[in-house]
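Step one of this worksheet: look at the structure below.
A short reminder: the numbers here are calculations on the coordinates, not readings from a lab. Small disclaimer: the values here were computed from a predicted structure and weren't measured. Here the Cβ positions follow ideal geometry from the backbone for every residue, glycine too, while neighbour counts run over all protein chains shown.
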Amino acid sequence: MSIESRLEELGLSLPTAPPPAANYKPCVRFGNLLFLSGQLPMADGEMKYSGRVGKDLDEEAGYKAAKLCALNALAQIKKELGDFDSVATILRVDGHVNCTPDFDAMPKVLNGTSDLLKELLGDRAGHARVALGHHQLPLNAAVEIAMTVGLR
Amino acid sequence: MSIESRLEELGLSLPTAPPPAANYKPCVRFGNLLFLSGQLPMADGEMKYSGRVGKDLDEEAGYKAAKLCALNALAQIKKELGDFDSVATILRVDGHVNCTPDFDAMPKVLNGTSDLLKELLGDRAGHARVALGHHQLPLNAAVEIAMTVGLR
Amino acid sequence: MSIESRLEELGLSLPTAPPPAANYKPCVRFGNLLFLSGQLPMADGEMKYSGRVGKDLDEEAGYKAAKLCALNALAQIKKELGDFDSVATILRVDGHVNCTPDFDAMPKVLNGTSDLLKELLGDRAGHARVALGHHQLPLNAAVEIAMTVGLR
């Protein structure tokens, strides 16, 4: 089943891939590597999850934010490659959680990204993961993810 | 001399490589690149160094935490590859230090990782290094390192 | 026009590439990939921009700090490769801003890096970008950037 059909089945859709806001690229392809810029939990041009997990958002909302970041990453990949056929495996996800100094369950928040990738890409979801906490992120986003992808 | 013999000579041993806790992989191999998930200062399933350097731990304890993170990274590499023969060079280490807002000697803490790699791998220790401070890390770990490895 | 001539035209010069301060490398080349260590806003062996953006520095000073980090990165590349002829494209820039908890315009600060790369490298400036906030950075630097480069 295609990623697109699977998304539909899950009641999900890819947001419009946000254009670059400055002198950088959403994606850079080099040989069989694809580097993505940091993805925020945005849809329809709006930040959907902002503030700090542990104060402004709970863990469950953080999970949803991480899922939306992943949908944006997939939208960027699709925009760059046309479809997901040439994705061999996700290599690495850096997951950054905007959180209070007391909140240390970033991995549970970032499961929002990892679970979605697994659901959609199956064996190709791969990814080493680096979970980190931050006291602030761009545009007060609750979560930001960066991704490196291996291509066939 | 093998890495294993050198470890023994130094009175060190590799911890058991922690299994992935969710839908990600400890290591992803792609061509001659190996991407590792973030490694924490754990041994025997327990966090050995937690809290903030500059308050809960001093620089020396942070150094030991960074060394233990590196041992966990090596344990993951060994579990993935069987031994260290196919390691050409460590490419990059991202070192994340959980610290107070006043503590800015992250490089000294992360020498715990770099010194161990040099001691064990010699010319193959390589690695570009990125030293960063964080107000919190997963499970309140004192240090987290991520690593990318080049394979023969 | 060469990068060096373009720098001169812009009234800029490359700082001396700082030597590694410990057991790591400023650059690691592996095949057609070049990994750089984190670069700080230093010149003549001195930190030129320190403290937190949003308190000790304003956005404009942060922009200049990010530009100086990029000049240091270019100095490291030149020291490693001799010139810029073999740079195919910048693959990824991780931009870390030392900031107050209220400051969330890291992307505007990091445009100091992206604008300079575009100005000097044109189509080869490429780069996916990851913008992040930190409560502290090494040596109280205002900005730190890491870079991965694709070579011909």
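Partners of B:K78 within straight-line reach, counting aspartates and glutamates whose Cα lies under 15 Å from its Cα and excluding those fewer than 8 residues away in the same chain: B:E4. If both residues of a DSSP beta bridge must be in the protein assembly as shown, then about 70% of such bridges are antiparallel.
What separates the C:K79 label point from its copies, with the point 7 Å along Cα to Cβ, is 3.7, 3.7 nm, written shortest first.
Give the Debye-formula value of log10 I(q)/I(0) at each listed q (0.06 Å⁻¹), with one equal scatterer per alpha carbon of the protein assembly as shown, two decimals each. Per q value, in the given order, log10 I(q)/I(0) is -0.22. Rounded, prolate or oblate, given the Cα gyration tensor of the stretch C:29-151, with a/c below 1.5 counting as rounded? Because a/c hits 1.5 or more and a/b exceeds b/c, the stretch C:29-151 counts as prolate. Chain C residue nearest the rotation axis toward A, with distance: C:H135, 3 (Cβ to axis, whole Å).
Note on the stretch B:27-151: antiparallel DSSP beta bridges, both residues inside, total approximately 70 percent of the bridges counted. For the options C:L116, C:L139, C:L57, a Gaussian network treatment of chain C with springs between C-alpha atoms closer than 10 Å singles out C:L139 as fluctuating the most. Ordered by the number of other Cβ atoms lying within 10 Å of each residue's own Cβ, fewest first, B:K55, A:K118, C:K78 fall into the sequence B:K55, C:K78, A:K118. Along the stretch C:145-152 the Karplus relation, 6.51 cos²θ - 1.76 cosθ + 1.60 evaluated at θ = phi - 60°, assigns HN-Hα couplings of 10, 10, 9, 10, 10, x, 10, 6 Hz to successive residues, with x for each Gly and Pro. Helix C:59-81 and the longest principal axis of the Cα set of chain C meet at an angle near 30°. Taking the C-alpha atoms only, the angle from helix A:106-121 to the longest principal axis of chain A is near 20 degrees. Each other copy places its own label point for C:P19 at 4.9, 4.9 nm from this one, sorted shortest first, where the point lies 7 Å along the Cα-to-beta carbon line. From least to most packed, judged by other beta carbons within 10 angstrom and beginning with the fewest, C:E8, C:E46 follow the order C:E46, C:E8. In terms of other Cβ atoms within 10 Å, B:T16, C:T100 run from fewest to most in the order B:T16, C:T100.
Along the stretch C:41-58 the Karplus relation, 6.51 cos²θ - 1.76 cosθ + 1.60 evaluated at θ = phi - 60°, assigns HN-Hα couplings of x, 10, 8, 6, x, 10, 6, 8, 9, 10, x, 9, 5, x, 9, 7, 9, 8 Hz to successive residues, with x for each Gly and Pro. Residue by residue along B:36-48, Cβ atoms of other protein chains within 10 Å of the local Cβ number 2 on average. This model, with +1 at the C-beta of Lys and Arg and -1 at the C-beta of Asp and Glu, gives chain C a dipole about its Cα centre of some 440 debye. Positive-end ranking of A:G31, A:A105, A:G126 along the dipole of chain A, with charges on Cβ about the Cα centre, is headed by A:G31. In this assembly of identical copies, the label point of A:T100 (Cα plus 7 Å along Cα-to-Cβ) is separated from its counterparts by 2.2, 2.2 nm, sorted shortest first.
Dividing the summed -39500 (n - 2.57) terms of all DSSP H runs of n ≥ 4 by the residue count of chain B sets its mean residue ellipticity at 222 nm at -10000 deg cm²/dmol.
Note on the stretch B:26-40 and the stretch B:69-118: Cα centroid distance 13 Å, given to the nearest whole angstrom.
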